[in-house]
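Take a look at the structure set out below.
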Amino acid sequence: MSTDAQQPHDSGQAAQDWKRWHDERTATVAAPYGPLSLTGTHWLSDYPEGHIPGVPGQWREDGEELVLSAAAADGLTVDGKPFTGRVRLTADRGPIGESRVAHGERRLVVLSREGLWAVRDFDPDSVARRAFRGIEATSYDARWALPGTFRPYESARTVRVENADGVERGLGLAGEIAFEADGTEHTLQVAVEPDGSLWAVFADATSGNSSYRFRFLRPAAPSEDGSVTVDLNRALLPPCAFADHFICPFPPPGNTLPIAVEAGERNRVDG
């Protein structure tokens with residue numbers, strides 16, 4: 001199964017929807033606090049004294065919270081107000097631009113993973129954001145919008161997979177989606193998001209060659225009978241394709257397809 005990267009194969013509504021989706025994705029990635037603006041993920045276990053190079057203030061773990069201490073000279077704000085003294089923080093859950101701690105236009109985002117704490121530094125003036133020119137993606141091809149079936153596991157499971165930063169972490173999986181391409185059935189293990197939609201981390205025969213080393217797929221929530229559309233036209237580049245400081249999980253065992261998925265997002269384009 002192949003596509004022409006220059007000409008859309010479907011001029012109907014689905015192709016228009018895909019073009020709108022692609023434009024919105026590009027705008028989201030290029031936004032001031034999109035993934036291109038991440039300049040560092042600093043694990044506090046690497047800085048036992050609490051001083052992160054280039055990041056103002058002192059950051060210390062205290063059980064299920066962080067304690068940030070700062071002086072006026074640090075130039076930090078918390079909840080939009082100039083900050084001095086000490087404040088207890090939990091992990092940020094909302095949009096990056098609404099994180100509690102800021103330094104000018106930078107946003108300092110508190111992150112927790114498997115009991116470890118980190119501070120992420122998002123800077124709209126990052127080198128990556130200034131160099132970004134777009135996302136290389138293959139034009140819509142209806143042949144890659146495949147009917148599939150979601151098969152939930154009897155109980156959720158967690159597998160250990162390597163992450164983009166070289167650390168192995170748990171990846172939760174709730175089932176698999178089965179679909180047919182070129183007359184052969186394939187399956188991908190997936191997580192189920194809080195809204196019922198699915199999430200797969202996968203690789204294929206193009207990975208590391210004509211596309212990034214792995215991609216994400218986010219099908220909509222399955223119907224009651226388990227039917228789901230596996231639209232590989234909407235294969236996504238993971239955040240770590242835009243900034244090296246993300247800790248994206250690699251595909252779990254069994255999620256490397258033997259076919260070439262010549263669809264969806266392929267690579268970041270820089271100028």
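The values are calculated or read from the model by the stated rules, or taken from the named source; none is laboratory data. Because the structure is predicted, anything quoted here is derived from the model rather than measured. Glycine gets a Cβ as well: all are built from the backbone with ideal geometry, and neighbour counts include every protein chain shown. These accessible areas exclude ligands, DNA and RNA; they are computed on the full protein's heavy atoms, side chains included. Shrake-Rupley method; radii C 1.70, N 1.55, O 1.52, S 1.80 Å.
Summary of computed values
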| item | result |
| --- | --- |
| Test: residue in region 101-116 that is assigned to a loop (DSSP other than H, G, I, E, B) and open to solvent by less than 30 Å² (accessible area, probe 1.4 Å) | no |
| Output for region 166-194, where each listed residue is charged (D, E, K, R) and at pLDDT 95 or above | E168, R169, E176, E180, E185, E193 |
| Tally of residues being buried (at least 19 other Cβ atoms within 10 Å of the Cβ), touching a residue at least 24 places away in the same chain (Cβ under 8 Å) and part of a strand (DSSP E or B) across region 44-77 | 3 |
| Residue pairs meeting the criteria (Cβ under 8 Å; at least 6 apart or on separate chains; first farther than 30 Å from N163 by Cβ, in region 14-41; second assigned to a loop (DSSP other than H, G, I, E, B) and open to solvent by less than 40 Å² (accessible area, probe 1.4 Å)) | A14/Y140; A15/S139; A15/Y140; K19/Y140 |
| First in region 157-182 and at negative phi and of a type in the set (S, T, Y), second anywhere and open to solvent by less than 60 Å² (accessible area, probe 1.4 Å) and part of a strand (DSSP E or B), Cβ under 7 Å, 6 or more apart | T158/G170; T158/L171; T158/G172 |
| Residue in region 70-80 that is at pLDDT 95 or above and touching a helix residue (DSSP H, G or I) at 6+ places or on another chain (Cβ under 7 Å) present | no |
| Matching residues, region 165-215, being within 24 Å of A260 (Cα to Cα), of a type in the set (A, V, I, L, M, F, W, C), open to solvent by 30 Å² or more (accessible area, probe 1.4 Å) and not in a strand (DSSP E or B) | A205 |
| Only one of R93, R88 that is within 28 Å of the chain's Cα centre (by Cα), basic (K, R) and modelled with pLDDT of 95 or more | R88 |
| Filter result for G40 (assigned to a loop (DSSP other than H, G, I, E, B), small (G, A, S) and modelled with pLDDT of 95 or more) | no |
